[in-house]
1. Give the residue, chosen from R76, R8, R16, R22, that is at pLDDT 90 or above and among the basic types (K, R).
2. Where in the range 38-112 are there strands (runs of 3 or more DSSP E), lying fully within it, with 3 or more residues that are surrounded by 15 or more Cβ atoms within 10 Å (Cβ to Cβ) and touching a residue at least 24 places away in the same chain (Cβ under 8 Å)?
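The values are calculated or read from the model by the stated rules, or taken from the named source; none is laboratory data. Bear in mind the structure is a predicted one, so any value in this text is a computation, not a measurement. Methodologically, a virtual Cβ is constructed for each residue, glycine included, from the backbone with ideal geometry; neighbour enumeration extends over all protein chains shown.
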Amino acid sequence: MLKNGDFRPKKPKNPRLTSYDRYMASRKPNTLVLDNFSTVYHPKNVADLQRIIALLKAKKGVVIDFKNLSGVTAQRLLDYLSGAVFAIEGKLDKLDDFKYLVAPKGVEIASQ
């Protein structure tokens with residue numbers, strides 16, 4: 001504090017990253033941020049799944065809901081999706097009975 005009651009101005013921080021900061025940033029896993037997710041999809045046929053797979057190739061995560069489909073159709077589409085996700089080395093996680101979360105390769109899904 002100065003004699004007149006004011007505080008000294010703070011020194012600006014150094015904006016450069018240290019070698020330790022660069023090292024720690026390289027070790028941090030890629031986490032899928034909510035911005036990288038598309039909306040919830042309700043596929044009805046294989047053409048809809050092809051659009052979803054195109055989003056996965058573009059590094060976008062997708063939530064898929066099979067609730068409005070019959071059991072046989074939902075299973076067939078899920079099998080198709082599972083093969084595509086395996087081919088692009090993505091991740092497929094079940095959220096509930098009819099909803100699945102699909103993430104592309106290199107993205108870690110963090111759950112709470």
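1. Of the residues listed, the single one that is at pLDDT 90 or above and among the basic types (K, R) is R76.
2. Hits in the range 38-112: 61-65, 99-103.
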